[in-house]
Amino acid sequence: VQLQASGGGSVQAGGSLRLSCAASGGTFRTYAMGWFRRAPGEEREFVAGISWAGGMKTYADSVKGRFTISRDNAKNTVYLQMNILKPEDTAVFYCAADRTRGVVRSASYTYDYWGQGTLVTVSS
């Protein structure tokens, strides 16, 4: 499975960005998907996850109410809509796929496939 993340960029605080992650080479519709991020000098952290059919979603406390994860299985794509961005959201964002159905997990070691990352920079 190959994952290609895109949509990163530079934005001012309070602005919005929409990240996309396109999957190929596997059965996307059966995978739970997650977004993670790594800020400069920090560990990678979970941001949001969505179940294979989109019925379950989970978010890190730091992004609840601001970020929304969604997916389009017909397009093999998962999205992360990010609103009210803050400077502390600055990070490289990664999408990941978890082959285990029926759950949405936040631990990075449970994910099987990873995209290459897209940089989000939020200025104050």
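Summary table below
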| quantity | calculated |
| --- | --- |
| Residue tally, condition assigned to a loop (DSSP other than H, G, I, E, B) and either open to solvent by less than 50 Å² (accessible area, probe 1.4 Å) or modelled with pLDDT of 95 or more (or both), over the range 44-53 | 1 |
| The range 1-43, residues that are crowded, with 16+ Cβ neighbours inside 10 Å, small (Gly, Ala, Ser) and touching a strand residue (DSSP E or B) at 6+ places or on another chain (Cβ under 7 Å) | Ala5, Gly7, Gly8, Ser20, Ala22, Ala23, Ala32, Gly34 |
| Those residues of the range 73-106 which are under 18 Å from Glu42 (Cβ atoms), of a type in the set (Gly, Ala, Ser) and open to solvent by less than 30 Å² (accessible area, probe 1.4 Å), in sequence order | Ala91, Ala96 |
| Qualifying position, being of a type outside the set (Lys, Arg) and in contact with a Ser or Thr (Cβ under 7 Å, 6 or more places away or on another chain), among Ala74, Ala13, Ala60, Ala53 | Ala13 |
| Test: residue in the range 88-101 that is closer than 15 Å to Cys21 by Cα, touching a Gly at 6+ places or on another chain (Cβ under 6 Å) and aromatic (Phe, Trp, Tyr) | yes |
| Residue that is most open to solvent (accessible area, probe 1.4 Å) [pool: residues in the range 107-124 that are within 18 Å of Tyr79 (Cα to Cα) and among the aromatic types (Phe, Trp, Tyr)] | Trp114 |
| The range 94-110 residues that are among the aliphatic types (A, V, I, L, M), paired with ones that are open to solvent by less than 40 Å² (accessible area, probe 1.4 Å) (beta carbon under 6 Å, 6 or more apart) | Ala96/Gly34; Ala96/Tyr111; Ala97/Tyr31; Ala97/Met33; Val104/Ala32; Val104/Gly49; Val104/Ser51 |
| In the range 1-43, the residues that are aliphatic (A, V, I, L, M) and modelled with pLDDT under 95 | Val1 |
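The values are calculated or read from the model by the stated rules, or taken from the named source; none is laboratory data. Every value quoted in this text rests on a predicted model; they were computed, and no experiment measured them. Here the Cβ is made from the backbone with ideal geometry for all residues, glycine too, and neighbour counts use every protein chain on show. With ligands, DNA and RNA removed, areas are computed over all heavy atoms of the protein, side chains included. Shrake-Rupley method; radii C 1.70, N 1.55, O 1.52, S 1.80 Å.
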